[in-house]
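**Q** There's a structure below that I have some questions on.
Just so you know, all these numbers are worked out from the coordinates, no wet-lab data involved. Just so it is clear, the model here is predicted, and its values are computed rather than measured. Note that each Cβ is placed from the backbone with ideal geometry, even for glycine, and that neighbours are counted across all protein chains shown.
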Amino acid sequence: MRPAFFLPLAALVFSSCAGYQVGPIKPTRMAKVSTIAVPNFKNDTLLPRVEVLLANALIKQFQQDGTYQIVRENDADAVVQGHLERIIRNPSRSVRGNVLLTREFILSLHCRYEVTDRRTGALITRQNATGQTSFFVTGTDPIASDITQDERQAFPLAAEQLAKDIVSHLSEGW
């Protein structure tokens, strides 16, 4: 009686699992890529020394995702090259009682990246990505506060969002 009960139950359980796959499922265009190299980004803005920050954030995000292994450029299947095109700081919240002074800003990093096959040099994909975060102006006096320093402290968060955008597109397809 037991085999007669378990056999249909097992068939039902295993038939519902057809089509599912465990592990990362890469987009079709990235199917042959298992190792990736990430050189420093190109910086088309006037803000110095953000190239390494962006590359490190992208490498860290690839390592957390685990779909691709990060290697040196000579050993990689593909190379991800990024170009930071724009940095935009928009006011988001004004000071109470004075709408001309801003208390909170939104920092946006706009980047273009492309993935090329290292062996053939063929372009695999080219996309745009955006990383965004908000930051507050520190200090009690908004006029005397250092907005540039506050913006620099928000850069790692925006870079992390940018890296998440790139990695999700390359590892999941969206």
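**Q** How about region 94-115: which of its residues are farther than 19 Å from L157 by Cα and surrounded by fewer than 18 Cβ atoms within 10 Å (Cβ to Cβ)?
**A** Of everything in region 94-115, those that are farther than 19 Å from L157 by Cα and surrounded by fewer than 18 Cβ atoms within 10 Å (Cβ to Cβ) turn out to be S94, V95, R96, G97, N98, V99, L100, L101, E114.
**Q** For L170, all conditions in the list (1) touching a residue at least 24 places away in the same chain (Cβ under 8 Å); (2) surrounded by fewer than 16 Cβ atoms within 10 Å (Cβ to Cβ) hold save one; what is the number of the exception?
**A** (2)
**Q** Another question about this same structure. Determine which single condition I59 fails, assuming it passes every other condition in (1) part of a helix (DSSP H, G or I); (2) surrounded by 18 or more Cβ atoms within 10 Å (Cβ to Cβ); (3) of a type in the set (A, V, I, L, M, F, W, C).
**A** Result: I59 fails condition (2) only.
**Q** Among the listed residues Q81, Q127, identify the single one that is assigned to a strand (DSSP E or B), under 19 Å from T28 (Cβ atoms) and touching a Phe, Trp or Tyr at 6+ places or on another chain (Cβ under 9 Å).
**A** Q127
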